[in-house]
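Participant: If you scroll down you'll find the structure; I have some questions about it.
The values are calculated or read from the model by the stated rules, or taken from the named source; none is laboratory data. Since the structure is predicted, the reported quantities are computational estimates derived from the model, not experimental observations. We place every Cβ from the backbone using ideal geometry, glycine too, and count neighbours over all the protein chains shown. SASA here: full protein model, heavy atoms, side chains in, ligands and nucleic acids out. Shrake-Rupley method; radii C 1.70, N 1.55, O 1.52, S 1.80 Å.
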Amino acid sequence: MDIKEFLNEYDRLDKNSLKKEQLEEFRNIFFKNGLLEKALEVSKIIYEADKENEANVISYVDNLMHLGRKAEALVILYDAKKTPQTLFMGAIIYKQDKFYDVVVDKLIQAKNMLKDDSELEFLINNELINAYIELGEGEKAIDISYSIFESIKNIETFKIVMNTLISLSKFEDAISFYEKYNNEYNDYEIYYNLATSYKYLGNKLKAKEYLLKTLELNKDYIDVYMQLGFLSSGEEAIKYLEEYISSGGMEKEAYLQLTLLYKADMRYNDIRKMVRNVLKTMGIDKNTLYISINALRQLHETEKIYDIYKEYNQVKKDSKLLVLSLLSLSEEEDYIDFVCKEIKIHHPFLFKEDLYGELLENVYNITQDKLIKRYLDENNK
């Protein structure tokens, strides 16, 4: 029976005469076929038959959230009996709006009501860690992560501690924690976190060592190639960044670094090829335009930058992209008058950008324009 026939059969049924198990089976079928509104109809019937049943409440709220009906979901939870599960569900919903103080309050209520549910307790503690980090209460997050590990020492709880410490930039503590147990846990995520810690502490050799260990365990972890590219030089750096890009990496900084490396090696055709591939595979957006304009700037192909500026309105909608474009154009005298005019139009949008001072210097040195001088003086304050 196809789904249309199934729906016709279902619509002919008296839903209120069906048992809960039958209704739940119908709901599962609707979910599997993406018929969320139909699934919601069933969830509502089950819920209204017994509003005191926690499972009915959770299923109904979950169904509402799948449809983006957050306000209705919160009303159902407000009216429901307060249990660890309903409180946890409410915390997850408030987390979406970043009301972390409310999240913490609900999670603590849920935790205080818990009885012999280690799985839910684990989930609550994890969410508490994240909420405390967001609220800037790092020590509370660390205390919880350590308590989780001490109660159940395994690789997952070990990673919770490592992730918490690194999220709070406690890099030395993360390394010390690992060293205490370094013969017990062999995991690519742990090695990547160690590499991150050593990188931020300025130890490039150790950072590379653990990045390579990460690759030994997971060659598909493409961010490792990017990080190795940043920590290497010359042909080695090019090799890693090319691997990152060919694996589908889209981080803008990787493309900017590869452009500089190609330029240093006078591989100008490789820069052009990279730009073509970026625009072809990633499409036109603010990141691909930034990569392309930056690359064209390195090639001194100012006319092409001017064509992009005139053709794509996205350039004027992003301040970083706009200031880079105008700075690139200002480096060729033929475009100075045009750039001067554009600065006067877009000044309120540009004055906080890092490259703006250099742009103003370029234009003023040639034009001696009084308004540009005023902008320059303001920028230098």
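Participant: Can you tell me which condition I124 does not meet? The list is (1) at pLDDT 95 or above; (2) over 30 Å from A207 (Cβ atoms); (3) in a loop (DSSP other than H, G, I, E, B), and all the others hold.
Facilitator: That leaves (3) as the condition not met.
Participant: While we're on this one: Suppose we filter region 357-381 for residues that are surrounded by fewer than 20 Cβ atoms within 10 Å (Cβ to Cβ), within 20 Å of D318 (Cβ to Cβ) and at pLDDT 95 or above; how many remain?
Facilitator: The total comes to 2.
Participant: Name the pairs: first residue in region 298-325 and within 15 Å of K352 (Cα to Cα), second residue outside any helix (DSSP H, G or I) and among the basic types (K, R), Cβ to Cβ under 9 Å, at least 6 apart or on different chains?
Facilitator: Listed by first residue and then by second, the contacts come to S319/K352.
Participant: Can you tell me which of (1) acidic (D, E); (2) surrounded by fewer than 14 Cβ atoms within 10 Å (Cβ to Cβ); (3) part of a helix (DSSP H, G or I) is the one D354 doesn't meet?
Facilitator: (3)
Participant: Moving on. Being among the β-branched types (V, I, T) and not in a helix (DSSP H, G or I) is the filter here, so list the residues in region 262-312 that pass it.
Facilitator: I284 - this is the single residue of region 262-312 that is among the β-branched types (V, I, T) and not in a helix (DSSP H, G or I).
Participant: Okay, moving on. Going through region 356-374 one residue at a time, which ones are free of Cβ contacts under 8 Å to residues at least 24 places away in the same chain and of a type in the set (F, W, Y)?
Facilitator: Answer for region 356-374, where residues must be free of Cβ contacts under 8 Å to residues at least 24 places away in the same chain and of a type in the set (F, W, Y): just Y364.
Participant: Please go through region 16-35 and pick out each residue that is open to solvent by 40 Å² or more (accessible area, probe 1.4 Å) and either in a loop (DSSP other than H, G, I, E, B) or within 24 Å of E72 (Cβ to Cβ) (or both).
Facilitator: Within region 16-35, N16, K19, K20, E24, N28, I29, F31, K32, N33, G34, L35 qualify.
Participant: Then there's this: May I ask you to say which residue of G249, G229 is at pLDDT below 95, under 28 Å from I291 (Cα atoms) and surrounded by 16 or more Cβ atoms within 10 Å (Cβ to Cβ)?
Facilitator: G249
Participant: For region 314-331, what are the residues that are open to solvent by 10 Å² or more (accessible area, probe 1.4 Å) and either modelled with pLDDT under 95 or assigned to a helix (DSSP H, G or I) (or both)?
Facilitator: Q314, K316, K317, S319, K320
Participant: Also, quick follow-up: Out of everything in region 165-196 that is part of a helix (DSSP H, G or I) and of a type in the set (G, A, S), what residue ends up being nearest to G136 (Cα to Cα)?
Facilitator: This residue is S167.
Participant: Additional query: Are there any pairs, at least 6 apart or on different chains, whose C-beta atoms fall under 7 Å, with the first in region 206-217 and under 12 Å from E189 (Cα atoms) and the second among the aliphatic types (A, V, I, L, M), and if so, which?
Facilitator: Close Cβ pairs (under 7 Å, with a partner that is among the aliphatic types (A, V, I, L, M)) amount to Y210/L194; Y210/A195; L211/A195; L211/V224; L211/L228; T214/A195; T214/V224; L215/V224.
Participant: Follow-up. Could you list, in sequence order, the residues of region 37-80 that are small (G, A, S), over 16 Å from L18 (Cβ atoms) and either open to solvent by 30 Å² or more (accessible area, probe 1.4 Å) or in a helix (DSSP H, G or I) (or both)?
Facilitator: Hits for region 37-80 are A55, G68, A71, A73.
Participant: Quick one: which residue in K352, K344 is modelled with pLDDT under 95, among the basic types (K, R) and either over 20 Å from D377 (Cβ atoms) or in contact with a helix residue (DSSP H, G or I) (Cβ under 9 Å, 6 or more places away or on another chain) (or both)?
Facilitator: Selected residue: K352, the only one of K352, K344 that is modelled with pLDDT under 95, among the basic types (K, R) and either over 20 Å from D377 (Cβ atoms) or in contact with a helix residue (DSSP H, G or I) (Cβ under 9 Å, 6 or more places away or on another chain) (or both).
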